[in-house]
Amino acid sequence: MTLLRIFLPPLQKEIAASGNSAKQPVIIEMTAKADVAEAKAEAADDALSQRKAVIGALTETATESQTPLLDVLKKYEKQGKAKNVESFYIVNAIAAELSGSLIKQISHRTDVKSVRLNKELHQDQPIVSPKEKTDKSGIEWGISAIGAPRVWDELKIDGKGVTVGIIDSGTNYKHPAIATQFNAYDKDYGLFGVDRSYKDFVTTDRAELTDPSHDHGTHVAGTIVGKAGSKNQIGVAPGAKYVAARAIGTGAGDEADMLRAAEWIMKPGGRAENAPRVVNNSWGGDSEKSDWFAPIVTRWREAGIFPVFAAGNTNDYPADGSIANPGNLPGVFSVAACDRAGKLADFSRVGPSPFSKQQVKPDICAPGVNVRSALAGGGYAAWSGTSMAAPHVTGTVALMLQANPKLTVEQIEQILRSTAIGATDLRYPKSPNMGYGYGNLNAYDAVRKAKALKDGKQQDDTLTITGRVLQKGSDREDPTIEPIWPKLAFAGQAIKLAAKVADDTALTSVKAYYRNGKAGAFAELPMRQLTGTARKGNYEANIPASAISAKQVQVKIVAKDFAGKEVGAAKVHTIEVKPGIRPGEYANDFEDNVDGWQFSGSSAAGPVAGDWNWSSPAQPNEPAPIGKKLIGTRAGTAPQRGRSIHTPQCRHWIYPGCAVKNRHWPMTNT
């Protein structure tokens, strides 16, 4: 293993500039990975048991894999070459301040994946609106715009029984608009067990709760849960409770602070029972392609915690792809800002994400211009920013979870997207798009849909269509799916999924979903139509080899028709993934599949010309007894071709003499 492979460039520059004796704040990521899927599969199905299983698996792996290195670092602490050594489990990593020479030494260890600089993080500074009315009166405009008052009045839902999380610059939990919603507040005893509901992880300063450095987090909390009497309603879910972690000091924090806060969110006060169901993150960095926070997002999702992120602000024209990191990560739910007219704010950063040009980012747009909320000093102010927009989504999720406590992270995501009100402008003429995402937040319909899912009722969606009726009729039948599952899959190879899908009217989407193991979130994989019409066709998708990391992969194919009828979500199929073939256990006559055999020369657009192919015998001297299908060179009109052929991996290094044998014959011209 070379130094350059695991050294990130900023750290190299710092060591070169400061010398080997100077200490650098670093994050050391270990190579060992926890088998979270297996842990969840062995645990009970309830949310708390699943969360505890995730935490247990992560903690066990971190303890076992980090102990040898921690012992070494403790020795160097005594020598003055290391200090502030700290272990984490949410990411299998160690934070420390190490000398340049020690960094170089540990980077050669086989149990170390990477060593990177403990970088600074910043919150987006809001745009203050001094002329905006900020007195304590009425329902704030953004709350009304998303339909939250209708949820309170008609559905009798205000977030009661749901805990939300906030990672920000600190929160004055004694502010009258958010005091009783603080998770440590008890109506009989006042504040009780504050350390289980609030934690300050910033080491550079210890500001008082009323200090202006706490304004940002207090403003965010107010938009999620704020209410002080019937005439001052600034929060989406005033019945919900919140816990908060301070990870950003006066304008900045660092990666280690954020790791502490993210880990604490999993079990505030050391108890998984205290964890929130949704966490608001109104902070971010530049529009870089950095996946440093991706493992944390994955762990939150696995633990049933929905991650909401601000899309980020800019003082310049929001260029394509400017969406801030971590808000540009595939696993987060990122929020853009809109004004009173529902139009995208001129400061709101836009997609696409550098991780996927096809995935819609941001996910949704919410009120973020002149949003009145609480300040740490006890007053109120109208601020603008995506930091103000994200809390509207977090509050909406709290309402949804009261309506249906069993909602999964994936269901919350789908409901928010499907109920959003499509939004367009001159720059983004079609919806969904990379500015507004799937549209403007619609809390009322989102909560109704969540409740309908719990009650087992189909949500009534209203859709207005203009045009001319060509033929009278109705969509009476559900879509049908005939999946063609691979019988075998091998490590290091992509898994091909195929299906015949049909509907009596029209198909609007066909998607595949997959996950490693038997637990955890499913990843979405759009299926490409190879042949057919809008009513029926043959569809195909490939699970990338790089995405397969378990002994089993679970998959499902979901189809949706014109009337919104969806099938396939509950039909999960398990595919065994083998490391290779062993003597005596593998045979294939190629009659119905070529699983594990790869034809090079193919492309994403379809087969290309080549010699090897899977087909039916086409020449008179090809022996009929072999069957109806075979692999051969120019064996007929082929559905799959290649210039070369790769057999399934034979594990000869484990089983000496292992070889793949085949029947073959030459073709002679007469």
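Filtering segment 524-539 to residues that are on the phi < 0 side of the Ramachandran plot, surrounded by fewer than 17 Cβ atoms within 10 Å (Cβ to Cβ) and part of a strand (DSSP E or B) leaves Glu524, Pro526, Arg528, Gln529, Leu530, Thr531, Asn538. Residue count for segment 499-514 satisfying the condition of being open to solvent by less than 40 Å² (accessible area, probe 1.4 Å), part of a strand (DSSP E or B) and in contact (Cβ under 8 Å) with a residue 40 or more places away in the chain: 7. If you go through segment 96-111 and keep only what is out of contact with any Ser or Thr (no Cβ under 8 Å at 6 or more places or on another chain) and not in a helix (DSSP H, G or I), you end up with Ala96, Glu97, Leu98, Ser107, His108, Arg109.
Of the set (1) closer than 17 Å to Thr480 by Cα; (2) open to solvent by 40 Å² or more (accessible area, probe 1.4 Å); (3) touching a Gly at 6+ places or on another chain (Cβ under 9 Å), all apply to Ala559 but (2). Kindly provide the set of residues from segment 236-255 that are open to solvent by less than 10 Å² (accessible area, probe 1.4 Å), modelled with pLDDT of 90 or more and of a type outside the set (D, E, K, R), ordered by number. Selection gives Val236, Ala237, Ala240, Tyr242, Val243, Ala244, Ala245, Ala247. Among the numbered conditions (1) farther than 25 Å from Gly285 by Cα; (2) surrounded by fewer than 22 Cβ atoms within 10 Å (Cβ to Cβ); (3) at pLDDT 90 or above, the only one that Glu208 does not meet is (3).
Mind listing whichever residues of segment 362-405 are in a helix (DSSP H, G or I) and either of a type in the set (Gly, Ala, Ser) or open to solvent by 10 Å² or more (accessible area, probe 1.4 Å) (or both)? The answer is Ser387, Ala389, Ala390, Gly395, Ala398, Gln402, Ala403. Applying the criterion of being modelled with pLDDT of 70 or more and over 20 Å from Glu60 (Cα atoms) to the residues of segment 19-36, the residue that is surrounded by the most Cβ atoms within 10 Å (Cβ to Cβ) is Val26.
Considering only segment 230-248, I want to know if a residue exists there that is within 30 Å of Ala446 (Cα to Cα) and free of Cβ contacts under 8 Å to residues at least 24 places away in the same chain. Within segment 230-248, one or more residues are within 30 Å of Ala446 (Cα to Cα) and free of Cβ contacts under 8 Å to residues at least 24 places away in the same chain. Look at segment 138-166: where a residue is at positive phi and a partner is at pLDDT below 95 and open to solvent by less than 10 Å² (accessible area, probe 1.4 Å), sitting 6+ places away or on another chain with Cβ atoms under 9 Å, you get Gly138/Asn232.
Could you go through segment 152-159 and let me know if any residue there is under 19 Å from Ala228 (Cα atoms) and not in a loop (DSSP other than H, G, I, E, B). Yes, because at least one residue in segment 152-159 is under 19 Å from Ala228 (Cα atoms) and not in a loop (DSSP other than H, G, I, E, B). Of the residues examined, Pro330 is not one that is open to solvent by 30 Å² or more (accessible area, probe 1.4 Å) and in contact with a Lys or Arg (Cβ under 6 Å, 6 or more places away or on another chain).
With respect to (1) within 26 Å of Ile415 (Cβ to Cβ); (2) in contact with a helix residue (DSSP H, G or I) (Cβ under 8 Å, 6 or more places away or on another chain), the lone exception for Arg271 is condition (1). Within segment 273-319, being assigned to a strand (DSSP E or B) and either β-branched (Val, Ile, Thr) or within 15 Å of the chain's Cα centre (by Cα) (or both) holds for Val278, Val279, Asn280, Asn281, Phe306, Pro307, Val308, Phe309, Ala310. When you scan segment 281-288, do you find a residue that is closer than 13 Å to Ile90 by Cβ and open to solvent by less than 40 Å² (accessible area, probe 1.4 Å), even just one? Checked against the condition, which is being closer than 13 Å to Ile90 by Cβ and open to solvent by less than 40 Å² (accessible area, probe 1.4 Å), segment 281-288 yields no hits at all.
Being touching a strand residue (DSSP E or B) at 6+ places or on another chain (Cβ under 8 Å) and farther than 25 Å from Lys267 by Cα holds for only one residue in Ile234, Ile224, Ile248, and it is Ile234.
Of the residues making up segment 425-434, not a single one is within 23 Å of Pro326 (Cα to Cα), touching a residue at least 60 places away in the same chain (Cβ under 8 Å) and crowded, with 24+ Cβ neighbours inside 10 Å. Quick check on Ala57: is it more than 23 Å from Pro405 (Cα to Cα) and outside any helix (DSSP H, G or I)? It is false that Ala57 is more than 23 Å from Pro405 (Cα to Cα) and outside any helix (DSSP H, G or I). Take Asp215 and tell me if it is surrounded by fewer than 22 Cβ atoms within 10 Å (Cβ to Cβ) and touching a residue at least 12 places away in the same chain (Cβ under 8 Å). No.
The values are calculated or read from the model by the stated rules, or taken from the named source; none is laboratory data. Just so you know, these numbers come straight off a predicted model, no measurement behind them. All Cβ positions, even for glycine, are placed from backbone atoms using ideal geometry, and neighbour counts span all protein chains on display. Heavy atoms of the whole protein, side chains included, go into the accessibility calculation; ligands, DNA and RNA do not. Shrake-Rupley method; radii C 1.70, N 1.55, O 1.52, S 1.80 Å.
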